[in-house]
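The values are calculated or read from the model by the stated rules, or taken from the named source; none is laboratory data. Just so it is clear, the structure is predicted and the values come from calculations on it, not from any experiment. Here the Cβ positions follow ideal geometry from the backbone for every residue, glycine too, while neighbour counts run over all protein chains shown. Surface accessibility is based on the protein's heavy atoms, side chains included, excluding ligands, DNA and RNA. Shrake-Rupley method; radii C 1.70, N 1.55, O 1.52, S 1.80 Å.
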Amino acid sequence: MKRSPVIARRELSSYFYSPIAYVVMVIFLFICGVLFFDDFQPGHVAGMRSLFEWMVFMLVFAVPVLSMGLMSLEWDRGTIETLMTAPVEETDVIIGKFLGSLGFFLVLLAPTLVYVLMLMIYSPSFDFGPIFSGYLGIVLVGALFIAIGLFCSSLTRSQVVAAVSAAAILFAITIVPMWLGQRTTLGGFARWLADQMVFRRYTEFSRGIIDTGNLVFFLATTASFLFFSVKALESRRWR
């Protein structure tokens, strides 16, 4: 994977030339600001748990838009042939694309650190533990969502199809289980299954709990979708 860092830098820089990336960033940060200042009121508990959990929902729709062109744009423009004739392997391409997109995701999150600074200034006694674990969880969620978006993008040359399919998968593993988990009539197995999905596992992080099982879930699932993306790229390359 010697060429992955080069591809990652190329992918990261491409986001700063993309109007769509700026639109997503502005909308995401605007909603985050509204949600934070809605909680940042006298009498409210100082923290970011509510904001973190809303971030998960926003990422269900934001990440597919950010990741839809990772591979589909290469297929559509015909640049995949040039990319693959270079001395790189499919793993280099997928890991590079993933790291570049993850890098932009971290840039997207960076401005929200201002909220942490405000909490430190106006509420010095606030608990930093849930803030740290909350950000760790959001990065893990973002990495998983990007891996799923990259997989969908590697299957088609249409950015719209890639975005819609990724959003559908993320909706199915994040929002649907959360809704089902709120039903008191849900059966034992169905409730157990809902508890294994993304939102239920993320809430542990937002509460300040870093559980090994949740870490393994996010890392293993992200690695699995990256593996699927490599295999999809191999299949399309030799088709």
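Observations, loosely collected:
- Between the beta carbons of Tyr22 and Ser125, assuming R0 = 45 Å, the FRET efficiency works out to 0.75 to the nearest 0.05.
- With all protein chains modelled, accessible area of Asp76 [1.4 Å, Å²]: 90
- With a cut-off of 15 Å on the backbone N, the residues of the stretch 1-23 near the modelled label site 7 Å out from Arg77 along Cα-Cβ are 7-21.
- Rolling a 1.4 angstrom probe over the protein heavy atoms with all chains in place gives the stretch 72-135 an accessible area of 48 Å² per residue.
- Cα-Cα pairs of the stretch 16-79 separated by more than 14 Å (percent): 66
- Probe 1.4 Å, all protein chains present, accessible-area order of Arg9, Arg3, largest first: Arg9, Arg3
- Equivalent ellipsoid semi-axes, the stretch 82-163, via Cα gyration tensor eigenvalues times 5, rooted, Å: 36, 13, 11
- When the residues Met120, Met71 are ordered by accessible surface, computed with a 1.4 Å probe over the protein chains alone, the sequence from largest down reads Met120, Met71.
- With each label modelled as a point 7 angstrom along the Cα→C-beta vector, the Gln196-Trp179 pair spans 2.2 nm.
- Rolled with a 1.4 Å probe across the full set of protein chains, the surface gives Arg49 an accessible area near 110 Å².
- Computed from the Kirkwood radius of its Cα pairs, the Stokes-Einstein diffusion coefficient for the chain at 10 °C and 1.306 mPa s stands at 84 µm²/s.
- Once the Cα atoms are used to define both axes, helix 128-153 deviates from the longest principal axis of the chain by about 30 degrees.
- Shape call, the stretch 12-149: gyration tensor on alpha carbons, a/c limit 1.5: prolate
- Within the assembled protein chains, the solvent-accessible surface assigned to Leu102 is about 30 Å², based on a 1.4 Å probe.
- Taking only protein heavy atoms and a 1.4 Å probe, the accessible area of the stretch 124-163 is 73% carbon and sulfur.
- Descending by average beta-carbon neighbour count within 10 Å, the peptides 222-229, 168-175 line up as 222-229, 168-175, the highest first.
- Modelled FRET efficiency - R0 25 Å, Arg10 with Ser224, Cβ distances, 0.05 increments: 0.50
- The angle separating the long axis of helix 113-122 from the principal Cα axis of greatest extent in the chain is about 20 degrees.
- Axis of helix 159-170 versus longest Cα principal axis of the chain: the two differ by about 40°, to the nearest ten degrees.
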